[in-house]
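To start, the structure under review is shown below, and the notes come after it.
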């Protein structure tokens, strides 16, 4: 369904489990950034009324996810660490076309967000299947389902504002680039991406 070209090694879940405080910290900040990214889109494109209406509840949901991760950390007496640079997202942002019409840049942003949500969905799935603790498996299963919906929404919005064929072609380019980026990154258990 997601079309990702390079699947995550399932052993990543074991690394994440060893670094639970780190992975939960990174996850919390990913949720925070997802909320602020949606706010940014709304601020940049207030004239895209349909998009604004569809993203407004996502802002609330992503911020709620941030709070859920914090609650999970509190239950485990874990502390929220400092936010770290997201090498994966930064590498993908370099691939984004920044020229052209404002609508062209919107489509690029929507595709980046779709890709991040797709990879997050895939990683949450791995955690939901391979972690030892059932409560954490259930915790991440819920996030997986949510991210799948967000991925689909961003793809649909990109098609709405960029056209089906154009988006299909550009999405294939993003998927190829993402596989290259990931193949050059070290698999780390303290990062969601």
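Identify all residues within the range 167-193 that are modelled with pLDDT under 95 and either over 18 Å from residue 6 (Cα atoms) or surrounded by fewer than 16 Cβ atoms within 10 Å (Cβ to Cβ) (or both); write none if there are none.
183, 184, 185, 186, 187, 190, listed by residue number.
Assess whether residue 145 counts as being in contact with a helix residue (DSSP H, G or I) (Cβ under 7 Å, 6 or more places away or on another chain), in a helix (DSSP H, G or I) and more than 19 Å from residue 15 (Cα to Cα).
Criteria not met by residue 145.
Inside the range 77-102, can you point out the residues that are surrounded by 12 or more Cβ atoms within 10 Å (Cβ to Cβ), in a loop (DSSP other than H, G, I, E, B) and free of Cβ contacts under 8 Å to residues at least 60 places away in the same chain? Can you show your working first?
To start, the set of residues in the range 77-102 that are surrounded by 12 or more Cβ atoms within 10 Å (Cβ to Cβ) comprises 78, 80-81, 83-84, 86-89, 91-93, 95-97.
After this cut, where a residue has to be in a loop (DSSP other than H, G, I, E, B) as well, the list is 78, 80-81, 83-84, 86, 96-97.
The answer is 78, 80, 83, 96, 97.
Only one of these conditions is not met by residue 63: (1) within 27 Å of residue 185 (Cβ to Cβ); (2) touching a helix residue (DSSP H, G or I) at 6+ places or on another chain (Cβ under 7 Å); (3) without any contact (Cβ under 8 Å) to a residue 40 or more places away in the chain. Which number is it?
The failed condition is (1).
The values are calculated or read from the model by the stated rules, or taken from the named source; none is laboratory data. Predicted model only: the values in this text are computed from it and were never measured. With ideal geometry, Cβ positions are generated from the backbone for all residues, glycine too; neighbour counts draw on all protein chains shown.
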